[in-house]
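To keep things clear, I will list the structure first and then write my remarks on it.
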Amino acid sequence: MGRFGSGERAFDEHVGRGDRDVLLQAAREAFEDARRVGAELLLLDDARYPAALHDLSNPPLVLYAAGALSWLEPSRVEALTDSPWAATANGHGTHQPAVAPPVVAIVGTRRATAYGARVTREIATHFARAGAVVLSGMARGIDAEAHVGGLAGRTAAVLGTGIDIAYPAGHRALHAEIRSRGLLLSEQPPGARATAGSFPERNRIIAALARMTIVVEAGRKSGALITAARALDLDRIVAAVPGPIDVPQSAGSNELLRDGAQIITSAEDALALAGLTPAARSPAIDAAGPDRAIWEAVGAGAHDLDTISSVTALPAREVMAGISRLELRGAVECLLTGEIRRR
């Protein structure tokens, strides 16, 4: 420990004994806050702190995590059996350690068009099924669509609030689903509400964690363009989906393409850019009760709500609730016609 003799003495020399007590108390409170909301608190030098964040000039000093943090750890990731990133058996019948799945950010406007929402879900679902972690910020619009599509496999959300706060409030169910089946991250302390500055700070984390950032729709002042700019600064891949030239939501994303961003013209384009191939579609899901009945009802093709209610003999309200659950799982999708079909 050199001239100080011990870590404790070095700490005292650098911060002073009075400050030491204050800092230690603050650290205890932070860990207690994390424990209280069922989260893990990661410090900048922790072994489990995501390595990609060290590429930032101002990485978060602390990071709260809830859920599958192992997805960001190459040595501990649990591979999907139908994914090209799955562990493979060696000649002795055991499995080699899995390679960390690629993290792909999909971001865009809160005021998504029907086209933007549809394309986002399609791309996110393909990435999730191919084994990638679909990363976004859980905002309205494109972010939410990315997470819903990502729930077909892996999805992670970086929040601009405390990790226990669903923002917007209408995303409580999505927040709970991602926490249960995915990963939530935040540098804000539990209980922290959204502020004007918290979202640009969140965006730098998204840009650093992802090997590629895809902008689906973004106006000229969209926060998604901040994420794209930070990704470029970090030498990450930036791509965008082209949109109509007379739609404001596409103005910023179209300008990204003009300035050299990779163009995404299909889900297959996006997968190829990340070095992934489409995964085989699963013919069935693990569902029971009303959800199973709805799943079976849409097996032969798309149906409207009344038809599904008639076929399943379920009340319309119960059918709507079941469709929402299946949609969150990435099992079904709602068409622009109002019909429901399997993904």
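Spot the failing condition for Glu296; the list is (1) within 30 Å of Ala313 (Cβ to Cβ); (2) buried (at least 24 other Cβ atoms within 10 Å of the Cβ); (3) among the charged types (D, E, K, R), and only one is missed.
Unmet condition: (2).
All but one of (1) over 19 Å from Pro101 (Cα atoms); (2) under 21 Å from the mean Cα position of the chain (by Cα) hold for Ser57, so report the exception by its number.
Result: Ser57 passes all but (2).
If you go through segment 314-343 one residue at a time, how many are touching a residue at least 12 places away in the same chain (Cβ under 8 Å) and more than 29 Å from the chain's Cα centre (by Cα)? Give the steps one after another, and end with the answer.
To start, the set of residues in segment 314-343 that are touching a residue at least 12 places away in the same chain (Cβ under 8 Å) comprises 314, 318-333, 335-343.
Within this subset, residues satisfying the condition of being more than 29 Å from the chain's Cα centre (by Cα) are 314.
Summing the residues that are touching a residue at least 12 places away in the same chain (Cβ under 8 Å) and more than 29 Å from the chain's Cα centre (by Cα) in segment 314-343 gives 1.
In the list Glu40, Glu13, Glu32, which residue meets the criterion of being acidic (Asp, Glu), within 30 Å of Ala224 (Cα to Cα) and either open to solvent by less than 90 Å² (accessible area, probe 1.4 Å) or modelled with pLDDT under 70 (or both)? Full working, then the answer.
Details: Glu13 fails: within 30 Å of Ala224 (Cα to Cα); Glu32 fails: within 30 Å of Ala224 (Cα to Cα).
That would be Glu40, the only listed residue that is acidic (Asp, Glu), within 30 Å of Ala224 (Cα to Cα) and either open to solvent by less than 90 Å² (accessible area, probe 1.4 Å) or modelled with pLDDT under 70 (or both).
Please indicate, with yes or no, whether at least one residue in segment 136-153 is assigned to a strand (DSSP E or B), under 25 Å from Asp269 (Cβ atoms) and at pLDDT 95 or above. Let's see the steps before the verdict.
At the first step, the residues of segment 136-153 found to be assigned to a strand (DSSP E or B) are 136.
Retained after the next criterion (residues that are under 25 Å from Asp269 (Cβ atoms)): 136.
Okay, now just the ones that are also at pLDDT 95 or above, so 136.
Yes: one or more hits.
Residue by residue through segment 162-219, note down the ones that are within 22 Å of Leu72 (Cα to Cα) and without any contact (Cβ under 8 Å) to a residue 24 or more places away in the chain.
The answer is Ala176, and nothing else.
Find the residue count for segment 205-227, including only residues that are within 17 Å of Ala112 (Cβ to Cβ) and small (Gly, Ala, Ser).
Looking only at that region, the number is 5.
Report whether or not Leu24 is at pLDDT 95 or above, surrounded by 12 or more Cβ atoms within 10 Å (Cβ to Cβ), part of a helix (DSSP H, G or I) and of a type in the set (A, V, I, L, M).
Details: at pLDDT 95 or above: no; surrounded by 12 or more Cβ atoms within 10 Å (Cβ to Cβ): yes; part of a helix (DSSP H, G or I): yes; of a type in the set (A, V, I, L, M): yes.
No, not satisfied.
Looking only at segment 265-278, decide whether some residue is open to solvent by less than 40 Å² (accessible area, probe 1.4 Å), in a helix (DSSP H, G or I) and free of Cβ contacts under 8 Å to residues at least 60 places away in the same chain.
Taking every residue of segment 265-278 in turn, none turns out to be open to solvent by less than 40 Å² (accessible area, probe 1.4 Å), in a helix (DSSP H, G or I) and free of Cβ contacts under 8 Å to residues at least 60 places away in the same chain.
Go through (1) surrounded by 16 or more Cβ atoms within 10 Å (Cβ to Cβ); (2) among the acidic types (Asp, Glu); (3) farther than 19 Å from Thr125 by Cβ one by one and return the number of the condition Asp291 breaks.
Condition not satisfied by Asp291: (3).
Just name the residue that is nearest to the chain's Cα centre (by Cα) out of those in segment 205-220 that are outside any helix (DSSP H, G or I) and closer than 15 Å to His147 by Cβ.
Ala210
Check Arg230, Arg202 and return the single one that is more than 14 Å from Ala112 (Cβ to Cβ), in a helix (DSSP H, G or I) and open to solvent by less than 50 Å² (accessible area, probe 1.4 Å). Spell out how you get there, then give the answer.
Details: Arg230 fails: open to solvent by less than 50 Å² (accessible area, probe 1.4 Å).
Only one candidate passes the filter, namely Arg202.
Listed here are the residues, each with its yes/no results for (1) within 15 Å of Ile214 (Cβ to Cβ); (2) crowded, with 20+ Cβ neighbours inside 10 Å; (3) within 14 Å of the chain's Cα centre (by Cα).
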site: Ala132; (1), (2), (3): yes, yes, yes
site: Gly162; (1), (2), (3): no, yes, no
site: Pro168; (1), (2), (3): no, no, no
site: Arg172; (1), (2), (3): no, no, no
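Looking at the structure I just gave you, is Ser282 buried (at least 18 other Cβ atoms within 10 Å of the Cβ), modelled with pLDDT under 95, closer than 29 Å to Arg342 by Cβ and of a type in the set (S, T, N, Q)? Show your work before the answer.
Values: buried (at least 18 other Cβ atoms within 10 Å of the Cβ): no; modelled with pLDDT under 95: yes; closer than 29 Å to Arg342 by Cβ: yes; of a type in the set (S, T, N, Q): yes.
The answer is no for Ser282.
The values are calculated or read from the model by the stated rules, or taken from the named source; none is laboratory data. This structure is a prediction, so every number in the text was calculated from the model and none was measured. Here the Cβ is made from the backbone with ideal geometry for all residues, glycine too, and neighbour counts use every protein chain on show. In case anyone asks, the SASA skips ligands and DNA or RNA and just uses the protein heavy atoms, side chains included. Shrake-Rupley method; radii C 1.70, N 1.55, O 1.52, S 1.80 Å.
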